[in-house]
Amino acid sequence: MFDVWKNVLEELKKTISSEKFNTFFQKTSLISIDDGEIKIGVPNIFMQANIKKSFDKNIREALEHNNIEVKTTEYVIAEANKVKKKSREVVSIEDIKPHKSRTYISNSPAKSIETGLSKDYTFENFVVGTNNDLAVYSAKTVIDDPGGKRNPFFLYGKSGVGKTHLIQAIGNELLKKNPNLKILYTPISHFYSDFIAAIRSKNPDSWKTKYENLDVLIIDDFQLISGKDKSQVEFFNLFNDMYLSKRQVIVASDRLPEEIKDVDVRLAGRLTQNGAFDIQLPGYEEKCAILQAKAEYEGKEIEQKAIEYIAENVKTNIRDLNAEYEKLIALSELRGMTPLEIINSGFSKPSVSSTRRNTTAKKIIDKTAKYYEMSTDTMLSKSRVAHIKNARQVAMYLLQNELHLSTTRTASELGMKDHTTVMNGVKRINTEMKLNFKLREDINILREKIYE
């Protein structure tokens, strides 16, 4: 079966992009072939849903080309119920627990380099989904060519979506390839604190010894540089030196540079000259996959319905998702009940900080129309004018992703008879969101508004 699946994967490489292949098929396997009933192993619920939806036809064709009869295909979460050994790196949730900085000993006579990196943050334990796949793909190009076409690499997204995990994963992967690299991960607040300390010591250039010989500089929470003019000047000079000498700069922020108050225009432009990549809030499938990965790593028994309950109710970010999971597990252990029994007994309800009031289809439709500055009737009309059609398709996307409505139900809510129009509209939004950053931002803003 290994040879068959190896051949199938080779054929899939020819029919889908390398980006999608690396995202969806690296950890798949062929579990069984039984009288045309095919079982395929996938790593998590996100992959299960997306591979079946997007690639089932490709897989069936590839199997048949390898003389395998295909009656049905079933995608099974491989080893979902087995306890993972602790030798595995920690799961892909930002700020699970405090961690110590990682120190690497160089082979050179120089002293050890304090990188600021945590070994907990790796690509192996970072769950990839539609909310972050482009950012992850671009991050991996940094590893393939540090100081090259993705220098600088600018990442942005709301608090708690996994930015710190991803930028530190880049650093850890670069060090794995070359342990002699001088890499520093630091929040921007530490950068300007070092600068202030040097000024107070009456030796303003002393702080540069920490930064000037770096091969890779990773800056987090860049938005906090707002209003710190002298620190911006020093950072700009350091950035220029590193950029001109083809040394890699990686920056993460909760917003784009031009949206940060009092940030120098030149600096803002230079940081995003090769593009800016965002991580959005995780969708339902991504949240399920993250929780499942965490439970597997910790060896915790948690029912799928309990995972789905948390994913459905936590509408904010990954940090809050983790907090609700931890609370449920603690209650389960305290009361000697399973997590699902705790939920069904009413002992655990999502906290106010991590959930939002239920929304409705009408609210999503009305908020979308208002956001795009048109009446609801105009948006729901059959007009083919570009901006009206776009608003209507965004509403379709939100109805399906926030309320998990079927295409038929979505069409009904929008006053349509043909559900294929919804399918095409949602497909178009999913496709354009990959590279249309304005559309991604519109949808992020609308998600906030519909839960106000």
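Taken together, the values in this text are just the output of simple stated rules run on the coordinates, not laboratory data. Every value quoted in this text rests on a predicted model; they were computed, and no experiment measured them. Cβ sites come from the backbone with ideal geometry, for glycine too, and all protein chains shown count toward neighbours.
The stretch between Lys6 and Asp229 holds 74.7 nm of extra length on full extension. This uses 0.36 nm per residue minus the Cα-Cα distance. Find the centroid of the Cα atoms in the stretch 293-314 and in the stretch 132-194, then give the distance between the two in whole Å. Measuring centre to centre over Cα atoms gives 29 Å. Around the amide H of Leu30, modelled in the peptide plane, lie the amide H atoms of Gly41, all under 5 Å away and 5 or more residues distant in sequence or on another chain.
Here's the picture: a label point sits 7 Å out from the Cα of Asn22 along the beta-carbon direction, and within the stretch 282-325 nothing has its amide nitrogen under 16 Å of it.
Over every Cα atom in the chain, the radius of gyration and the widest Cα-Cα span, Dmax, amount to 24.0, 80 Å.
The amide H of Val127, built 1.01 Å from its N in the peptide plane, has Ser92 as neighbours under 5 Å, considering only residues 5 or more places off or on other chains. Holding the Cα-Cα limit at 22 Å, pick out from Lys140/Lys182; Lys294/Lys434; Lys389/Lys427 the pairs that are longer than that. Violating the 22 Å Cα-Cα cut-off are Lys294/Lys434.
When the Cα gyration tensor is reduced to axis lengths a ≥ b ≥ c, the ratio a/c is 1.5 or higher for the stretch 230-331, and with a/b above b/c it is classed as prolate.
Here the 3J(HN,Hα) profile of the stretch 114-130, calculated from phi with Karplus coefficients 6.51, -1.76 and 1.60 at θ = phi - 60°, is 7, 7, x, 7, 9, 5, 5, 9, 10, 6, 4, 10, 9, 6, 9, x, 5 Hz, Gly and Pro shown as x. Listed by chain and number, the lysines whose alpha-carbon sits under 18 Å from that of Lys230, ignoring those within fewer than 8 places in the same chain, are Lys202, Lys208, Lys210, Lys261. Here the stretch 358-417 is treated as an ellipsoid with the same Cα gyration tensor; its semi-axes, largest first and in whole Å, are 17, 13, 9.
Sparsely packed loop sites in the stretch 249-348 (the trypsin sites (Lys or Arg not before Pro) outside DSSP H, G, I, E and B with at most 11 other Cβ atoms within 10 Å) comprise Lys261. Aspartates and glutamates within cross-link reach of Lys370: Cα-Cα under 15 Å, excluding same-chain residues under 8 positions apart? Here the aspartates and glutamates satisfying the reach criterion relative to Lys370 are Asp442, Glu448, Glu452.
In the chain, the longest principal axis of the Cα atoms and the axis of helix 163-177 are about 70 degrees apart.
For the chain, relative contact order (Cα pairs under 8 Å, six or more residues apart, normalised by length) works out to 14 percent. Couplings 3J(HN,Hα) of the stretch 133-149, computed from phi: 5, 5, 4, 5, 4, 5, 4, 6, 5, 5, 5, 5, 8, x, x, x, 5 Hz, in residue order, whole Hz [Karplus 6.51 cos²θ - 1.76 cosθ + 1.60, θ = phi - 60°; x for Gly and Pro]. The angle separating the long axis of helix 419-432 from the principal Cα axis of greatest extent in the chain is about 10 degrees.
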